[in-house]
Amino acid sequence: MTSTVHERLDSLERSAEAIEIHLNSLEEGQASLLQAAIHSIETLHCMANRRVVETTGDPEAALIGFLYSYLPSQKAAALSAKPGNWLTASGYEIRAVEEEDVGLACAEWDEHLDELVGRMRALGYRWHLVLYQANAGIGYFANQSARVPGAVGTVLFFREYGVFAHALGWCAAALPATYFRPNIGG
């Protein structure tokens, strides 16, 4: 009978330890859930004055939607149809490229990029980004007049460096950068 009492006490002690471990685990889980809930609420508060833009999956549309909050006015110029659709869908007011309060202008990228860059710089758009898709995939480059064989894409022009910097940061985080070798001797 003595061994039975000791065995029962040992069994109860092991059960109590198992229950304590389980309770500690539950407390840690509840603390983690509470921290996650606090983080979610803080994130929602940060987004309270932000506009959420649904995109079609095109990197150009996603970038245009991202830039909406960074432009001093939500007025943009569409130099061709496809970027115009993205601008309109993101809530921009479409204006003429010559207007002073237009901080973003977009066009489809073609072989006349050199001419377009010259024209846009004369209008005060000193920085540009090209987002493109080619057989090798997608990519971007900035402030260059270059060609990527078989590529199609969009060029975005900026009047303000700060907005351009946000766009460049987005591109660096979302897309592979394209670098061009110098054409030496040829």
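The values are calculated or read from the model by the stated rules, or taken from the named source; none is laboratory data. Predicted model, so just to flag it, every value in this text is computed and none were measured. Positions of Cβ are backbone-derived with ideal geometry, glycine not excepted, and every protein chain shown enters the neighbour counts.
Considering (1) at pLDDT 75 or above; (2) under 30 Å from residue 112 (Cα atoms); (3) out of contact with any strand residue (DSSP E or B) (no Cβ under 6 Å at 6 or more places or on another chain), the lone condition that residue 80 does not fulfil carries the number (3).
Could you say whether any residue in the range 63-70 is buried (at least 22 other Cβ atoms within 10 Å of the Cβ) and among the β-branched types (Val, Ile, Thr)? Checked against the condition, which is being buried (at least 22 other Cβ atoms within 10 Å of the Cβ) and among the β-branched types (Val, Ile, Thr), the range 63-70 yields at least one hit.
When the range 135-186 is filtered for residues that are of a type in the set (Phe, Trp, Tyr) and modelled with pLDDT of 90 or more, the ones remaining, listed by number, are 140, 141, 157, 158, 161, 164, 170.
Take residue 126 and decide whether it is over 23 Å from residue 65 (Cα atoms) and modelled with pLDDT of 90 or more. Against the criterion (over 23 Å from residue 65 (Cα atoms) and modelled with pLDDT of 90 or more), residue 126 does not qualify. Does residue 140 satisfy the criteria of being in the same structural domain as residue 99 (by TED's automatic domain parsing), touching a helix residue (DSSP H, G or I) at 6+ places or on another chain (Cβ under 7 Å) and among the hydroxyl-bearing types (Ser, Thr, Tyr)? Yes; evaluated as a whole, the condition is true for this residue.
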